[in-house]
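Below: the structure, in structure tokens.
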Amino acid sequence: MFLSSPNSITFNRFGGGGIMDLLAVLLRRLDAMLVVPGGPTMIQRDEDRDLLPASLRDDWPVVVARTGAEIDRAIRAS
């Protein structure tokens, strides 16, 4: 885990169902989105789509993912 700025946390080389569940909890508590480089952007609610910058909304898939399993599926599908 790397805190790259006050508004950004980077995770490297993580895996397994348990960590995805923890990531889902963290995203909910921070009301944050997950940006997977070269993959989807994951949001908590469909209405959050309109809050994304155009580059994230238009250039990459945007997926609603609230659980660790949903996050895992979205990453694997990309």
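Report every pair of residues separated by at least 6 positions or lying on different chains whose Cβ atoms are under 7 Å apart, first residue within segment 50-70 and under 27 Å from GLY18 (Cβ atoms), second open to solvent by less than 100 Å² (accessible area, probe 1.4 Å) and among the acidic types (Asp, Glu).
The qualifying pairs are VAL64/ASP46; GLY68/ASP21.
Quick check, is VAL36 of a type in the set (A, V, I, L, M), under 16 Å from ALA69 (Cα atoms) and at pLDDT below 90?
The answer is yes for VAL36.
When only residues in segment 40-66 that are more than 10 Å from the chain's Cα centre (by Cα) and not charged (D, E, K, R) count, which is most open to solvent (accessible area, probe 1.4 Å)?
LEU51
The values are calculated or read from the model by the stated rules, or taken from the named source; none is laboratory data. Computed from a prediction, not measured in an experiment: that's the story for all the values here. Note that we place each Cβ from the backbone using ideal geometry, even for glycine, and neighbour counts take in every protein chain shown. Accessible surface is based on the protein model in full, side chains and every heavy atom, while ligands, DNA and RNA are left aside. Shrake-Rupley method; radii C 1.70, N 1.55, O 1.52, S 1.80 Å.
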